[in-house]
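This report refers to the structure that appears directly beneath it.
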Amino acid sequence: MHRSKITVVGSGNVGATTAHWVAVKELGDVVLLDVVEGMPQGKALDLMEAAPVAGFDCRITGTNNWEDAADSDVVVITAGIARRPGMSREDLVQINARIVGEVAKQVARFAPAAIVIVVTNPLDVMTYLAYQASGFAPHRVIGMSGVLDTTRLRTFIALELGISFEDVTALVLGGHGDQMVPLMRYAYAGGIPVSQLIPPERLEAIAHRTRYGGGEIVELLKTGSAYYAPGASVAVMVEAILRDKRRILPVAAYLNGEYGESDVYAGVPAIIGSNGVEKVLEIDLEAAELAAFKASVAAVRETLAKLKSN
Ligand code: A3D
């Protein structure tokens, strides 16, 4: 039986938390890779020492050496800097572009068969860069953002209704920025459209809180950005890939004509399985929803163009 190997590049807040969720789900052996000496080794050992009491059976290795990532099945890229109060995701672009470009080349060299999940911000742009720098087919390079944006939306709906989180499903489209598009028409609680349960002005307030959900955490933490829900969201994607679950998840996928967009990454619903993005799903959008989606993709293209001109 093949033991899956998951390498998490960047062992900071999101990387370490991802390793934690992946271990708890027993998805495979985990390698935590970082440029800082000692830190990934320390976090990996600490996490592995939880195995006997937490009841997971995974080897967890910390390293500064890419050779330890050899032949990974999945590589998660969280390397880079995170936001602090007053910063937009776009403020991170120059520094993170250099880091993600270098990391993606190492992935191609040491883990040529891996599926890559990008987490570094600005997400859609970094996912595009990782796709280009790795030389991988686009379905093997996926951005994590929609699962997080959607779990935030689901949380706020469940809290509003005073019901279980389990019964809420929802969908957020577009780029992972303040122009993301929470699709309230596609949100359900126990199979009931939420528009039948929540008045329009409260729905609008929930959509607004979702759009600024990342910023809300940054303002509270002051020293960095969210990591528990992001790590859990990555683990759901890793699970869908390694167990070939063919889950429908909102992810940043490469668009090749879908929604009238080409050669760009943006958040859309997709079937996620052992090949990465198995299929991008095109859903019916009303004119205003499509316009909001297009505006958010235009913002992704703008950041990409700025980066190329520097
Ligand atoms: P942080 O805790 O600073 O961890 C980043 C780690 O990357 C640090 O330990 C660095 O040493 C390491 N690193 C830097 N360069 C390299 C390199 N070349 N190779 C290996 N490791 C390197 O940040 P974080 O974990 O809070 O956030 C990481 C990234 O994820 C940031 O860009 C965040 O903005 C982004 N993020 C995205 C989401 C999405 O939903 C898309 C959510 C949360 C965070």
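The values are calculated or read from the model by the stated rules, or taken from the named source; none is laboratory data. No experiment lies behind these values; they were computed from the predicted model shown. Counting neighbours? That spans all protein chains shown, and the Cβs are built from the backbone with ideal geometry, glycine included. Just the protein is used for accessible areas: all its heavy atoms, side chains included, with ligands, DNA and RNA removed. Shrake-Rupley method; radii C 1.70, N 1.55, O 1.52, S 1.80 Å.
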Original post:
Over segment 187-305, what percent of the accessible surface lies on carbon and sulfur atoms, probe 1.4 Å?
Top reply: 53 percent
Subject >> Cβ-Cβ FRET estimate between Arg202 and Arg59, R0 fixed at 41 Å, reported to 0.05 >> reply: 0.30
Original post:
With r defined as the distance between the Cβ atoms of Ala295 and Arg209 and R0 fixed at 30 Å, what FRET efficiency is calculated, to the nearest 0.05?
Top reply: 0.95
Original post:
Tell me, what does the Kirkwood hydrodynamic radius of segment 1-130 come to in angstroms if you use every pair of distinct C-alpha atoms?
Top reply: 14.8 Å
**OP:** Over segment 9-167, with every protein chain in place, what whole percent of the accessible area is carbon and sulfur at 1.4 Å, could you tell me?
**Re:** 52 percent
Original post:
What nm distance separates the two modelled labels at Glu102 and Tyr228, each placed 7 Å from Cα along Cα→Cβ?
Top reply: 3.3 nm
Original post:
Can you give the three extents of the C-alpha atoms in the chain along their principal axes, from longest to shortest, in whole Å?
Top reply: 52, 49, 40
**OP:** Determine how large the accessible area of Ile142 is when every protein chain is in place; take a 1.4 Å probe and give Å² rounded to the nearest 10.
**Re:** 0 Å²
Original post:
If you take the Cα atoms of segment 105-216, find Rg, then find the Kirkwood Rh from the mean of 1/r over all pairs, what is Rg/Rh?
Top reply: 1.10
Original post:
With every protein chain left in place, what is the accessible area per residue of segment 163-219 in square angstrom, probe 1.4 Å?
Top reply: 50 Å²
Subject >> Of Lys105/Lys245; Lys245/Lys294; Lys25/Lys245; Lys5/Lys43, pairs whose Cα-Cα distance is over 23 Å >> reply: Lys105/Lys245; Lys245/Lys294
Original post:
Helix hunt in the chain: which complete DSSP H runs extend at least 20 Å axially by C-alpha with mean Kyte-Doolittle at least -0.5?
Top reply: 93-110, 146-161, 228-242, 287-309
Subject >> Computed helical MRE - 222 nm, the chain, DSSP H runs ≥ 4 contributing -39500 (n - 2.57), nearest 500 >> reply: -13500 deg cm²/dmol
Original post:
In nm, what is the difference between 0.36 nm times the number of residues separating Ala50 and Asp71 and their Cα-Cα distance?
Top reply: 5.0 nm
Original post:
Rounded to the nearest 5, what is the percent of antiparallel bridges among the DSSP beta bridges in the chain?
Top reply: 50 percent
**OP:** Treat each spin label as a single point 7 Å out from the Cα along the C-beta direction, and report the Ser164 to Glu216 distance in nm.
**Re:** 2.3 nm
Original post:
Which one of Val147, Leu173, Leu255 has its Cα pushed farthest toward the positive end of the charge dipole of the chain, where Lys and Arg give +1 and Asp and Glu give -1 at the Cβ?
Top reply: Leu255
Original post:
Where the only charges are on Cβ atoms (+1 Lys, Arg; -1 Asp, Glu), what is the dipole of the chain about its Cα centre, to the nearest 20 debye?
Top reply: 260 debye
**OP:** Using only the C-alpha atoms of segment 177-310, find the volume of their convex hull and express it per residue in Å³.
**Re:** 156 Å³
